[in-house]
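Each remark here refers to the structure printed beneath this line.
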Amino acid sequence: MKRSDEAFWWALFSAGGVMAALFVPAFVLVTGFLLPAGGDGAVAAERTTQFAAAVGWWPVKLALLGVLALSFVHCGHRIRHTLMDLGLRRYSGLLKVPCYGGALAATVWAALLLWRV
Amino acid sequence: MAHGTTHEHDVIIIGGGGAGLRASIAIAEENPDFSVACVSKVYPMRSHTVTAEGGAAAKIKPNDSLEDHIYDTISGADWLADQDAVEYFVNEAPSEMIQLEHWGCPWSREPDGSVAVRPFGGMKIERTWFAADKTGFHMLHSLFQTTLKYGNIVRYDEHFATRLLIDGNGRCRGCAAIELRTGSVRAILGKAVIICTGGAGRVFPFTTNGSIKTGDGMAMAYRAGVALKDMEFIQYHPTGLPGTGILITEASRGEGGILVNKDGYRYLQDYELGEALDVSDPRHPQKRAMELGPRDRLSQCFIKEKWAGRTIETKDGHVVHLDLRHLGEAKIDKKIPFVRELSRNYAGIDPVYKPIPVRPVVHYVMGGIDVDSNSATSVPGLYAAGECACVSINGANRLGSNSLTELLVFGAQAGRHAARFAMDNPDYDVSELEAQAEDEGARIRRAWFDTSRRNGERIVTLRTELHDAMENGAGIYRNADSLQSACETVADLRARYRSVTLDDHTNSFNTELTAALELGSLIDVAEAMAHSAIERTESRGSHQRLDHTERNDDDFLAHSMAYHRPDGSPPRIEYKPVTITKWPPGARTYGAGSGLKGEDR
Amino acid sequence: MSGQFHRPHAWAWFLERPGYVRFMVRELTSFFVAGYLIVLLVTLGRLGGGEAAFAEWLSALSGPGWMLAHVVALIAAVWHSITWFAAVPQAMPVYLGEKKLPAPLAAVVMGYGPWLTVTAGIVWWVLR
Amino acid sequence: MSTELTMTLEVFRYHPETDHEPRFQAYEVPYDEDWVVLDALNWIKDHVDGSLTHRWSCRMGVCGSCGMMVNGDPKLTCAVFLKDYYPRPIKVEPLVNFPVERDLVVSLDGFMDKLEAVKPYIIRDDVNDTSGGEYLQSPAELAQYKQYSMCINCMLCYAACPVAGHEDEFLGPAALALGHRYNKDSRDQGQAERLDVMLVGEAIWGCTFVGECTVVCPKHVDPAGAIQQAKAVGAQEFFKRFVAPKGAGV
């Protein structure tokens, strides 16, 4: 019997798990709290500028794209397995399409967005 | 019992413990065309080899010698061992142990990557290989997992063998076995048979032995006319947990643990076992001395301390203390972690901080199915190896860590000889053997499934009486009276056995039926033990007679041979001379300087 | 003879043991993390749309609904981090000779340490 | 003496010859604080109901025979004490996720096949010869796999694993941990053969790291950890194929 391609997805899932664990809480802090509730006008403007400058720098763009891509696969993989555990085990192959396809689509979208920043 | 199907192989092995698995592999490797059946009443990895803790002896280090291992074994046996068998055993031991290493056994190691060895009781030098303190467990699983490599080993798991099938020419050609799942009796046929069913510690109430160790193979061979040899020699291990009888390995003393009485005194020094070196002395633990004396002596010392009123009374009987505290937590966790786990779980004692209460506990049957130096019994085609067999290398007292090696050396040997017999004697009559198996099924049904018989005695009633009779009559110290009463009780139980009734008359997984059959085995084995013991009017090794306290080489440098009488009358006891080659009987001394070359010769 | 008995499986098996519930909660973090990441993409999109668009978006995000959503996302993300770091010593044991690096220490070295560094670094960059 | 105290055991009963559905039978047993649950079962079988069927042998937690569900948890019944539950009743059932043969006895057929499938033995290219002495293995190399060699095949991990219950292809915690044990053994060269079995279908990938196998393991084997490590090896091998030319056994 042939070895499963699951090794590939599991590797990306694991790498994405690390990325998500290391970065996502900080991202939520920044984009969910620090930027929207950034105090008075001058400080807020300053922070927004800092943020824009950072994201506009191409090494950060590339890194961010990497983190996002892996995190998307991570989520897609976990969602797929959770759905299998919840009773959709027999559709494990079919579930790959929305889960990994969605992660790929989100990654392409992220690349386009980052390109424009 | 439903009549089951017939299955044919080349060699049938009854018992899937260390010896049975080693024999299976020996045959499977050397005769790839042979089909080997391994018939066991449990799954192989449940076999009692799994509980052995301390280690397995074999010369591996350059500072050791084969000669010393031979001498330690023979003197430890109180000169009742056959010296040709001991020589074969010791010579084969290293390669068998290396073989098991090659099969993946996770031996503990020295920093240079070679296998580590530890000191053990009665051994002049450290030569005991170990896998922490789960040596038997690792050996059994390594062997079992290795058997999975061979397509020609066919397992009959949870098949309870009840009878040897002997053809018209008097050759053993298989067994009848109950398939537990369905209750049908199968004829499992082959050209030769090896019994590897282990010991019979369950004859006694307080034992390290698991519930499965009921001497079924011994009893089967006994009923087939093979002598049970040296059955009076029963080993008490000096350090069992009170209440449960769970073994605290001798390795705990090999690593430096000490035994103290209620006054905190190392009482062994009072019994000619050497001087009590301080635990901080670099020479401690001293080989062949004090806590590293042989098991028979140490268990006897306990009884003498008890008689002197210097043991500790608990609700589970008298105990002494095994003190490991000076070893420290790190060493205990590295070398004997299972001791700590067992003491905590079953005695509520953490040996890092408190001494462990211990008392002697029935551990091993030195005697067994009489086999010659080729592991062959007196029935052509029938072989035996492991604790169920008596070849004999253990004589009147087995040294700790020889038995695990024994099951490798003689398991392999029995496998090779049985395979040769199978090749030389290929032809047998299937239908005659099938008829025997069918007859066995009918016999079991008649004996146990007769629903018209009600209100007989329960299995537990007889088993408890047997336990009491053997503990009181054939314990560490015996005399004519105590043994006479044990013989009488066993005879009474044999008569009452026929009236035992079962609650369960169904086929599938009838473990009450197997318990009844096991009780039958226990009674047979107990009978051989008690009658062999009463006839041996001397004291030697583990057989200590209060009415005959000296060793008597003139009359008893001989193996007792108990022969079953089918009419139910007491067994016939005969004697067979011990094979002495180079080591004439000498004084058996332990303590300072003991066991040095030439000392006892 | 009816043979072996096979016990039926409950659909809601994940409620049968506390460990299963914890497992399911861990797995469900991925739904929230994924949701947050989509919102992050929108944020990046607005950033690319110019200062005004971005400011408008940030102002929307400061509303109570979005705040609550981000609180939930933060909890899920942190829980993912904690459970992930707990698994790291099991999945990637580090041996120092015979000894395995103790799990709590391994979690700190391979998980919590880098995590706090990264988080502090990013927050510092924005706040400085 | 505490001989007058008793407690109740509610025991799962099923007989394949007469029953279509299992039932529970309550037994009153003497309470002894030194007794483990297995002692109570043995007492019932000896004194009350000889038809009660269960497996046991060593009574010291190493033969692996007596695993059962005790109040819903997979346990070695020789290692859990009545006093841990007294005075509440104890419910004893056969291990879940296995077919029940009778009463507390489950079928191990599936497990034995899975164990055999992972080739749990040393595989080497050279000829087996003991004359050269033992293979050297440093304590550090031993430590790499020792923990995973402690499995007693008691099956508690399968009873704790939801995937083992739902996915037949999944080899399960014990078998995978033992496969990994040999892969990590410095004396072994059979990793590629074993991975050919472990990396197929859901054999290993069915595991979603619930981790309860490790929680219930009485011998601290950590099968969950072993499985994740084996997956990582599988992933490495997957990517190596693109780096190394075909057939290069790197």
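Numbers below:
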{"item": "Count of residues meeting criterion [in a loop (DSSP other than H, G, I, E, B) and either of a type outside the set (Asp, Glu) or assigned by TED's automatic domain parsing to the domain that holds D:ASN97 (or both)] in the stretch D:123-166", "result": "18"}
{"item": "Of all residues making up the stretch B:100-111, the number that are within 7 Å of chain D (Cβ to nearest Cβ) and either in a loop (DSSP other than H, G, I, E, B) or under 12 Å from D:SER186 (Cβ atoms) (or both)", "result": "5"}
{"item": "Members of the stretch C:51-67 found to be more than 10 Å from chain A (Cβ to nearest Cβ) and either basic (Lys, Arg) or open to solvent by 30 Å² or more (accessible area, probe 1.4 Å) (or both), listed by number", "result": "C:ALA52, C:GLU56, C:PRO64, C:GLY65"}
{"item": "Those residues of the stretch A:3-37 which are at the interface with chain C (Cβ under 9 Å from one of its Cβ atoms), buried (at least 18 other Cβ atoms within 10 Å of the Cβ) and either among the aliphatic types (A, V, I, L, M) or farther than 20 Å from A:LEU64 by Cβ (or both), in sequence order", "result": "A:VAL18, A:ALA20, A:ALA21, A:LEU22, A:VAL24, A:ALA26, A:VAL28, A:LEU29, A:VAL30, A:LEU34, A:LEU35"}
{"item": "Residues satisfying the stated conditions in the stretch B:1-59, i.e. among the hydroxyl-bearing types (Ser, Thr, Tyr), within 27 Å of the chain's Cα centre (by Cα) and not in a loop (DSSP other than H, G, I, E, B)", "result": "B:SER24, B:THR49, B:THR51"}
{"item": "Near pairs, Cβ below 6 angstrom, 6+ apart or cross-chain, from the stretch D:147-173 (without any contact (Cβ under 8 Å) to a residue 40 or more places away in the chain) to any residue that is of a type in the set (Lys, Arg)", "result": "D:SER149/D:ARG181"}
{"item": "Boolean, D:GLY61 is within 24 Å of D:ILE152 (Cα to Cα), of a type outside the set (S, T, N, Q), within 11 Å of chain B (Cβ to nearest Cβ) and open to solvent by less than 10 Å² (accessible area, probe 1.4 Å)", "result": "yes"}
{"item": "Members of the stretch B:518-557 found to be surrounded by 22 or more Cβ atoms within 10 Å (Cβ to Cβ) and within 14 Å of chain D (Cβ to nearest Cβ), listed by number", "result": "B:GLU518"}
{"item": "Residue within the stretch B:18-33 that is over 20 Å from B:ARG416 (Cβ atoms), of a type in the set (Ser, Thr, Tyr) and modelled with pLDDT of 95 or more present", "result": "no"}
{"item": "Residues satisfying the stated conditions in the stretch B:485-501, i.e. β-branched (Val, Ile, Thr) and open to solvent by 20 Å² or more (accessible area, probe 1.4 Å)", "result": "B:THR489, B:THR501"}
{"item": "Neighbours by Cβ (under 7 Å, 6+ apart or cross-chain): first from the stretch B:195-218, free of Cβ contacts under 8 Å to residues at least 60 places away in the same chain; second of a type in the set (Phe, Trp, Tyr)", "result": "B:SER211/D:TRP56"}
{"item": "Any strands (runs of 3 or more DSSP E) falling wholly within the stretch D:44-117 and containing at least 2 residues that are hydrophobic (A, V, I, L, M, F, W, C) and touching a Pro at 6+ places or on another chain (Cβ under 8 Å)", "result": "D:67-70"}
{"item": "Test for D:GLU17: is it open to solvent by 50 Å² or more (accessible area, probe 1.4 Å), facing another protein chain (nearest Cβ under 7 Å), not in a helix (DSSP H, G or I) and not basic (Lys, Arg)", "result": "yes"}
{"item": "Condition check for D:TRP35: buried (at least 16 other Cβ atoms within 10 Å of the Cβ), at the interface with another protein chain (Cβ under 9 Å from one of its Cβ atoms) and among the hydrophobic types (A, V, I, L, M, F, W, C)", "result": "no"}
{"item": "Some residue of the stretch B:274-291 being outside the structural domain of B:ARG46 (by TED's automatic domain parsing) and touching a strand residue (DSSP E or B) at 6+ places or on another chain (Cβ under 6 Å)", "result": "yes"}
{"item": "Lone qualifier among C:VAL42, C:VAL33, C:VAL21 - being in a helix (DSSP H, G or I) and at the interface with chain A (Cβ under 7 Å from one of its Cβ atoms)", "result": "C:VAL33"}
{"item": "Residue in the stretch C:77-122 that is surrounded by the most Cβ atoms within 10 Å (Cβ to Cβ), counting only those that are more than 14 Å from chain D (Cβ to nearest Cβ) and small (Gly, Ala, Ser)", "result": "C:ALA77"}
{"item": "Filtered residues of the stretch B:80-114 (kept if aromatic (Phe, Trp, Tyr) and surrounded by fewer than 21 Cβ atoms within 10 Å (Cβ to Cβ))", "result": "B:TYR88, B:TRP103"}
{"item": "Total residues in the stretch B:95-129, condition under 15 Å from D:ALA143 (Cα atoms) and either touching a residue at least 12 places away in the same chain (Cβ under 8 Å) or polar (S, T, N, Q) (or both)", "result": "8"}
{"item": "Residue in the stretch B:74-82 that is at pLDDT 95 or above, within 14 Å of chain D (Cβ to nearest Cβ) and on the phi < 0 side of the Ramachandran plot present", "result": "no"}
{"item": "Looking only at the stretch D:189-206, and only at residues there that are part of a loop (DSSP other than H, G, I, E, B) and open to solvent by 20 Å² or more (accessible area, probe 1.4 Å), the one that is farthest from the other protein chains (Cβ to nearest Cβ)", "result": "D:GLN189"}
{"item": "Conditions (1) open to solvent by less than 30 Å² (accessible area, probe 1.4 Å); (2) touching a residue at least 24 places away in the same chain (Cβ under 8 Å); (3) assigned by TED's automatic domain parsing to the domain that holds B:ASP468: number failed by B:ASP504", "result": "(2)"}
{"item": "Output for the stretch B:450-467, where each listed residue is open to solvent by 40 Å² or more (accessible area, probe 1.4 Å) and either in contact with a helix residue (DSSP H, G or I) (Cβ under 8 Å, 6 or more places away or on another chain) or aromatic (Phe, Trp, Tyr) (or both)", "result": "B:GLU457, B:ARG458, B:ARG463, B:GLU465"}
{"item": "Residues of the stretch B:60-83 satisfying the condition of being part of a helix (DSSP H, G or I) and of a type in the set (Gly, Ala, Ser)", "result": "B:SER75, B:GLY76"}
{"item": "Selected residue (criterion: farthest from the chain's Cα centre (by Cα)) from residues of the stretch C:1-18 that are under 22 Å from A:ARG78 (Cβ atoms), more than 7 Å from chain D (Cβ to nearest Cβ) and assigned to a loop (DSSP other than H, G, I, E, B)", "result": "C:TRP11"}
{"item": "Hits in the stretch B:533-563 (condition: closer than 18 Å to B:MET470 by Cβ and not small (Gly, Ala, Ser))", "result": "B:ILE534, B:GLU535, B:ARG536, B:HIS543, B:GLN544, B:ARG545, B:LEU546"}
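Residue-wise test of (1) without any contact (Cβ under 8 Å) to a residue 60 or more places away in the chain; (2) closer than 30 Å to D:ASP19 by Cβ.
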{"residue": "B:GLU471", "(1), (2)": "no, no"}
{"residue": "B:TYR477", "(1), (2)": "no, no"}
{"residue": "B:ALA516", "(1), (2)": "no, yes"}
{"residue": "B:GLU550", "(1), (2)": "yes, no"}
{"residue": "B:HIS564", "(1), (2)": "no, no"}
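The values are calculated or read from the model by the stated rules, or taken from the named source; none is laboratory data. Here the structure is a predicted model, which means the values were calculated and not measured. A quick note on method: Cβ atoms are made from the backbone with ideal geometry, for glycine too, and the neighbour counts reach across all protein chains shown. These accessible areas exclude ligands, DNA and RNA; they are computed on the full protein's heavy atoms, side chains included. Shrake-Rupley method; radii C 1.70, N 1.55, O 1.52, S 1.80 Å.
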